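Notes for the one structure printed next.
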Amino acid sequence: MKYFAGAPEDHTNKKYDGIVGYENKKGVQTFGKKELKDILAKVGFKFTNFYYPLPDYKLPNIIFSDEYLPDENTINNYTVYYGEGTEIEFDEKEAYIQAIKNGVFDIFSNSFFVEASSKEINTKVDLSKQELVPISDISKNFYNKDYSKRENNIGSQIEELRLQNETLINNLRTIEKSTSWKITKPLRAINKMFKKNK
């Protein structure tokens, strides 16, 4: 939907490029739902489940599926975003409401996650028995817990490397100040000259 609204194609950065079939036929291309199903079926993946991440697959706020399609209320549970300076022709969410009313939300999804298999897929989830958690909360928990741990680990590794580096510099300075280093200076110079002449 966002590409109809005026968002440039992700790979070519041209408005409406994917919608009109791409100016450069040999470059990167993206596909609609039916095209993806046909491509996957040709290579043996006849069974597919489609998921609909919004605003897109890169930074999803919410993910719908054929078993859990949006209605006029739940379609508002995501944050629309576009690149800086993008001129948009219409309100994406309002357009999605019309697509939902006409039963064509799936083909207008901004992008897809696809589960594909050569055998029948049985991954249906009973949503009535599940606790639904917004993706934003999952992301928040990840960053607050896992990311902070990794950040602390990186911090301690940097400090350890800094101490090792400091120790090596001090050792080098001690060697350079030693009597043996000063005495052997002419020998090192001669050795350097021989290496240059080889």
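A residue that is in contact with a strand residue (DSSP E or B) (Cβ under 9 Å, 6 or more places away or on another chain) and under 27 Å from ASN13 (Cα atoms) occurs nowhere in region 116-128.
Please tell me if GLY27 is surrounded by fewer than 17 Cβ atoms within 10 Å (Cβ to Cβ), touching a strand residue (DSSP E or B) at 6+ places or on another chain (Cβ under 8 Å) and more than 19 Å from ALA116 (Cβ to Cβ). Considered against the rule, which asks whether it is surrounded by fewer than 17 Cβ atoms within 10 Å (Cβ to Cβ), touching a strand residue (DSSP E or B) at 6+ places or on another chain (Cβ under 8 Å) and more than 19 Å from ALA116 (Cβ to Cβ), GLY27 comes out as no. Meeting the requirement of 1 or more residues that are at pLDDT below 75, the helices (runs of 4 or more DSSP H) wholly within region 147-198 are 148-177, 185-197.
Does region 90-99 include one or more residues that are surrounded by 15 or more Cβ atoms within 10 Å (Cβ to Cβ), under 16 Å from ILE63 (Cβ atoms) and in the same structural domain as GLU9 (by TED's automatic domain parsing)? Among the residues of region 90-99, at least one is surrounded by 15 or more Cβ atoms within 10 Å (Cβ to Cβ), under 16 Å from ILE63 (Cβ atoms) and in the same structural domain as GLU9 (by TED's automatic domain parsing), which makes the answer yes. For ILE19, the conditions (1) surrounded by 12 or more Cβ atoms within 10 Å (Cβ to Cβ); (2) more than 17 Å from GLU115 (Cα to Cα); (3) aliphatic (A, V, I, L, M) are fulfilled apart from (1). Taken over region 83-99, residues that are in contact with a strand residue (DSSP E or B) (Cβ under 9 Å, 6 or more places away or on another chain) and in a loop (DSSP other than H, G, I, E, B) amount to 3.
The values are calculated or read from the model by the stated rules, or taken from the named source; none is laboratory data. Note that the structure is a prediction, hence the values are computed from the model and not measured. In this analysis, Cβ positions are derived from the backbone assuming ideal geometry, glycine residues included, and neighbour counts consider all displayed protein chains.
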